[in-house]
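The values are calculated or read from the model by the stated rules, or taken from the named source; none is laboratory data. Keep in mind the model is a prediction, meaning the values are calculated, not measured. Note that each Cβ is placed from the backbone with ideal geometry, even for glycine, and that neighbours are counted across all protein chains shown. Only protein heavy atoms, including side chains, enter the accessible area calculation; ligands, DNA and RNA are left aside. Shrake-Rupley method; radii C 1.70, N 1.55, O 1.52, S 1.80 Å.
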Amino acid sequence: MTHKVIKVKDNDVVGSTNDFLRNLLSSGKIQALLVPQNTPSKKVAFPVLISDPKKFHADIVAPILPASTATIVSKMTKVQPPSKPIGVVMRSCQIRALIELVKLNQASLTNIVIIGVDCPGTFPINTYTEFPEKKTPTQFLLEAWTKKSDEAEKYFRSACRVCKDPIPTNADIILGFYGADIEKEIIVEAHSEVGKNILKELPLEDEEEWKSREKAVKELREEKAKKRAVFLKEKEGLKGIDKVSEFFDKCVNCHNCRQACPICYCKECLFDSSVFDAEAYKFLRRAEIKGLFKMPNDALLFQLGRMNHMILSCVECGLCEQACPNNIPLMDVFIPAAENAQKEFDYQPGKDIKEKIPMIVYREDEFLEVGEK
Amino acid sequence: MSEEKKDHKKEDFEPKIVGFLCNWCSYAGADLAGTSRIQYPPNVRIIRVMCSGSVDSMYILRALLEGADGVFVGGCHPGDCHYIDGNYKARRRMVLLENILGTLGLEKERVWLRWISASEGQKFADTMKEMTEAVRKLGPSPIAKHWNL
Ligand code: SF4
Ligand code: SF4
Ligand code: SF4
Ligand code: FES
């Protein structure tokens, strides 16, 4: 691993990381960068694909994840990957999702340089755009961070509060805030040969090793694990058809959650297909069986069916919840479901690109009690 | 409801079971049970599928949500799948489905997977008896009559 440091000038974290990224772009080592940048209104930050260093005004701290970066990389690489390297700045959950999409043959890492950024958490889109504090979300977050206060916590999306791991894995380069005194410095690490070669040629100071980072990362992971355990405990009560049906009461079966999900890549989702078209008499027969049923129908079938299709790869990014027009706190069921299912198959999505997704492989000598008895 | 009344209700109740049977094994097994005149409860509604591996969890869920008290999936014995490994995949899918139903407390005991070959007419009949009794004991599925789904 290569250890370097970005010196922060005038307490300007965003400006200093931008200098680094601009240098990277100008170096010719990569032909373009996918990076979050504020839209002209400054109300919201979106990933932009940028090739002109002069137009570069990114904000990698901006606490917002408007759409899945993994899906964007999939769109850019699925038909034909780039012929020269592109740098993609991503949060840890999105790197995990990208690894899953590669396993699902929906994305390629050819000439993709993953630049992972430590993620303190993100705000829901509408909180970000109508931020109630007197500062910008980025300023607010950075200040809370330097003060080591948890003021920002209340604004975070629920998925972020109980994030599995805010530290990127499987990145070529990591920009690290944890373990650094961010008023002065930001940690840069190369985690692959590609990353090493890129860093070699950039004007960065070497650092022996980031002992402070190791400790900070360990502490952060422990703290998150604790919060996660509390969350899982709290949600244990959500059991039984009465509670589950009440939980999805407001679901209008719009499938926005699936649309926003990086893992649900199917061109034509089964739940949008003609399988669900039926003659009137079939609807009536269903009404007869139960006496009545709610319309639009099949909302719970969609939720449970979708879960069965993708939960083993769910990276708990919470984009489904953010996309729900009716504010259904989807993570309350998706996190426990992902936790239990992934444990059952001893599978961690996004961890190892060589490991196959559990539903396409099997062992003859496993789960022997299922099917026998 | 008193225990007594509840039990009374359970005894009266005829469970509705939907069975997805593989064409090459369990379906032929059911056929054999029929032609050999082996008696089994009429509670199962059989749907023929080409392989247990072709039963997407969605179909099992749909049956449960639309009124079935139990769902049965019958496949070829491990190693005997006509399409080589469909049943191994069905087994993984069943493990996942049970896991998810478990997380949400949705009575995973109502979903069964069993291996029954074309020559096992007796095993098919016995399994249907076993399942019908087990589901009768569980009582009517609370999902079956739920309309807010
Ligand atoms: S189900 Fe939700 S949390 Fe899981 S990967 Fe999809 S969008 Fe993210
Ligand atoms: S719910 Fe299933 S069919 Fe629909 S997009 Fe997701 S994985 Fe594909
Ligand atoms: S986005 Fe919300 S309302 Fe729409 S299908 Fe998903 S959970 Fe239901
Ligand atoms: S053909 Fe019978 S289970 Fe695959």
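Scanning region A:260-275 for residues that are within 16 Å of ligand 1 (Cβ to nearest atom) and out of contact with any Cys (no Cβ under 9 Å at 6 or more places or on another chain) yields A:TYR265, A:CYS266, A:CYS269, A:LEU270, A:PHE271. Report whether or not A:GLU208 is farther than 30 Å from A:PHE334 by Cβ and open to solvent by less than 20 Å² (accessible area, probe 1.4 Å). Criteria not met by A:GLU208.
A single entry from B:VAL55, B:VAL44 fulfils the requirement of being touching a strand residue (DSSP E or B) at 6+ places or on another chain (Cβ under 6 Å) and within 13 Å of chain A (Cβ to nearest Cβ): B:VAL55.
Quick test for you: out of A:GLU316, A:GLU364, A:GLU369, A:GLU355, pick the one residue that is closer than 19 Å to A:ARG228 by Cβ and either open to solvent by 10 Å² or more (accessible area, probe 1.4 Å) or part of a loop (DSSP other than H, G, I, E, B) (or both). Sole residue among the options that is closer than 19 Å to A:ARG228 by Cβ and either open to solvent by 10 Å² or more (accessible area, probe 1.4 Å) or part of a loop (DSSP other than H, G, I, E, B) (or both): A:GLU316.
Within region A:346-373, which residues are of a type in the set (Gly, Ala, Ser) and more than 7 Å from every other protein chain (Cβ to nearest Cβ)? A:GLY350 - this is the single residue of region A:346-373 that is of a type in the set (Gly, Ala, Ser) and more than 7 Å from every other protein chain (Cβ to nearest Cβ). Of all the residues in region B:104-149, those that are away from chain A (no Cβ under 11 Å) and either part of a loop (DSSP other than H, G, I, E, B) or among the polar types (S, T, N, Q) (or both) number 8. Selection over region A:306-321 of residues that are out of contact with any Cys (no Cβ under 9 Å at 6 or more places or on another chain) and within 12 Å of ligand 3 (Cβ to nearest atom) gives a count of 0. Looking across region B:79-103, the residues that are facing chain A (nearest Cβ under 9 Å), more than 25 Å from B:VAL135 (Cβ to Cβ) and open to solvent by 30 Å² or more (accessible area, probe 1.4 Å) come down to B:GLY79, B:ASP85, B:LYS89.
Among the residues making up region A:265-281, those that are assigned to a helix (DSSP H, G or I) and within 15 Å of ligand 3 (Cβ to nearest atom) are A:LEU270, A:PHE271, A:ASP272, A:PHE276. For region A:288-313, the candidate set comprises residues that are of a type outside the set (Gly, Ala, Ser) and in a loop (DSSP other than H, G, I, E, B); within that set, the residue that is farthest from ligand 1 (Cβ to nearest atom) is A:LEU292.
Among the residues of region B:50-71, is there at least one that is part of a loop (DSSP other than H, G, I, E, B) and over 24 Å from A:ARG285 (Cβ atoms)? Yes - at least one qualifying residue is present in region B:50-71.
The residues of region B:1-42 that are modelled with pLDDT of 95 or more and more than 25 Å from B:LEU64 (Cβ to Cβ), listed by number, are B:TRP24, B:ALA28, B:ASP31, B:LEU32, B:GLY34, B:THR35, B:SER36, B:ARG37, B:ILE38, B:GLN39. The set of residues in region A:285-305 being among the basic types (Lys, Arg) and away from ligand 3 (no atom under 13 Å from the Cβ) consists of A:ARG285, A:ARG286, A:LYS290. For the residues A:THR129, A:THR146, A:THR138, the requirement of being of a type outside the set (Gly, Ala, Ser) and in contact with a Lys or Arg (Cβ under 7 Å, 6 or more places away or on another chain) singles out A:THR129.
Results for (1) outside the structural domain of A:LEU175 (by TED's automatic domain parsing); (2) open to solvent by 30 Å² or more (accessible area, probe 1.4 Å); (3) not in a strand (DSSP E or B), shown as yes or no for each residue.
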| site | (1), (2), (3) |
| --- | --- |
| A:GLY15 | no, no, yes |
| A:PHE20 | no, no, yes |
| A:ASN23 | no, yes, yes |
| A:ILE30 | no, no, yes |
| A:LEU33 | no, no, no |
| A:LYS42 | no, yes, yes |
| A:VAL48 | no, yes, no |
| A:LYS54 | no, yes, yes |
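For region A:238-257, a tally of residues being open to solvent by 40 Å² or more (accessible area, probe 1.4 Å) and within 14 Å of chain B (Cβ to nearest Cβ) returns 7.
Only helices (runs of 4 or more DSSP H) whose full extent lies in region A:182-264 are considered here, and the ones with at least 3 residues that are closer than 24 Å to A:VAL61 by Cβ are A:193-200, A:211-235. Filtering region A:268-286 to residues that are in contact (Cβ under 8 Å) with a residue 12 or more places away in the chain and open to solvent by 70 Å² or more (accessible area, probe 1.4 Å) leaves only A:ASP272.
Just wondering, is there one or more residues in region A:253-274 that are away from ligand 2 (no atom under 14 Å from the Cβ) and out of contact with any Ser or Thr (no Cβ under 7 Å at 6 or more places or on another chain)? No, region A:253-274 has no match at all.
Quick one: is A:GLN303 within 10 Å of chain B (Cβ to nearest Cβ) and modelled with pLDDT of 95 or more? Yes, satisfied.
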